[in-house]
Amino acid sequence: MRSAILAGGTASRFDGSPKGLELVGGERILDRLIQVLRTATGESPLLIANAPNASEWHRDLEVAGDAIRDCGSLGGLYTALTVAEGPVVIAAWDMPFVRVEVLEALIQRFEGHDVCIPESEEQGHRLEPLCAVYGPRCIDPVRRQIVDEDLRMTRFLGSVDTVTLPFDEISNYGDPSTIFFNVNTPDDLTEAQELWRSQHQQ
């Protein structure tokens with residue numbers, strides 16, 4: 001199974017800086033994600049990015065720009081699916097605490113389905129579409145949504161065979177609110193540093 005890191009977007013809440021190149025615990029978020037995805041899938045991830053210098057961020061990664069531009073994360077997912085030509089594990093590049101065990105559980109539960117998406121709140125009240133597994137049967141529904149200018153990441157899930165990874169199972173690997181933490185703003189980066197320190201002081 002292939003994997004992909006979604007690095008699209010303008011980072012408007014981060015002064016336009018590439019969020020995944022920020023350091024958490026002395027390591028770039030991008031580099032941490034590469035290692036986690038490599039461990040879970042056995043191969044290097046794709047990097048879905050539109051920045052002109054994206055190929056310089058990590059020399060060993062295959063880089064693909066969005067096949068359909070200006071469609072946000074949904075466009076990144078569409079690109080990952082079309083480039084991967086098969087099931088793909090995706091992760092947003094601003095998630096510094098994604099765990100190998102969660103990705104492996106998603107991959108295992110995905111078998112026989114079109115999507116496996118984790119629950120980050122009890123009773124499935126919140127899903128995490130930017131850390132999930134998607135199969136090729138998602139391509140057409142995603143494209144139809146893009147054509148309809150509906151860029152919500154979870155809208156198409158009702159038209160494919162979707163299964164969730166339950167909150168209770170994810171909680172076995174750590175606090176879901178930390179595992180799926182996003183660095184969207186400078187304040188989030190500060191919080192991520194504090195979370196990292198608290199984890200490594202135990």
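The values are calculated or read from the model by the stated rules, or taken from the named source; none is laboratory data. Computed from a predicted structure; not experimentally measured. Reconstructed Cβ throughout: ideal geometry from the backbone, glycine too, with neighbour counts over all protein chains shown. Each accessible area value is taken on the protein alone, full model and side chains, heavy atoms only, with ligands, DNA and RNA left out. Shrake-Rupley method; radii C 1.70, N 1.55, O 1.52, S 1.80 Å.
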Quiz item: Just in the stretch 22-84: which trypsin sites (Lys or Arg not before Pro) are loop by DSSP and have at most 13 other Cβ atoms within 10 Å?
Solution: 59, 69
Self-check item: Magnitude of the charge dipole, the chain, Cβ model with Lys/Arg +1 and Asp/Glu -1, debye to 20
Solution: 360
Quiz prompt | Formal net charge of residues neighbouring residue 2 (Cβ-Cβ distance under 12 Å; K, R +1; D, E -1) | solution = -2
Practice problem: Over the chain, with every protein chain in place, what whole percent of the accessible area is carbon and sulfur at 1.4 Å, could you tell me? | Solution: 42
Quiz item: In whole Å, what are the Cα extents of the stretch 138-202 along the three principal axes, biggest one first?
Solution: 47, 30, 13
Quiz item: Just the accessible area for residue 154, please: 1.4 Å probe, Å², rounded to the nearest 10?
Solution: 70
Exercise. Could you state the accessible area per residue of the stretch 76-202 in Å², with a 1.4 Å probe and every protein chain left in place?
Key: 49
Quiz prompt | the stretch 55-99: translational diffusion in µm²/s, Stokes-Einstein, Kirkwood Rh over Cα pairs, 25 °C, 0.890 mPa s | solution = 207
Self-check item: Of every Cα-Cα pair in the chain, the percent that sits beyond 32 Å
Solution: 9
Quiz item: For the stretch 63-164, what is the charge dipole size about the Cα centre, in debye to the nearest 20, if Lys and Arg each add +1 at the Cβ and Asp and Glu each add -1 at the Cβ?
Solution: 140
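Looking at the stretch 83-202, what % of the alpha carbon pairs are farther apart than 18 Å?
Values: 3908 of 7140 pairs.
When all Cα pairs of the stretch 83-202 are counted, 55 percent exceed 18 Å.
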Quiz item: Of all the C-alpha pairs in the stretch 16-125, what % are more than 20 Å from each other?
Solution: 44
Quiz item: Expressed as a whole number of Å, what is the distance separating the alpha-carbon centroids of the stretch 169-202 and the stretch 108-162?
Solution: 24
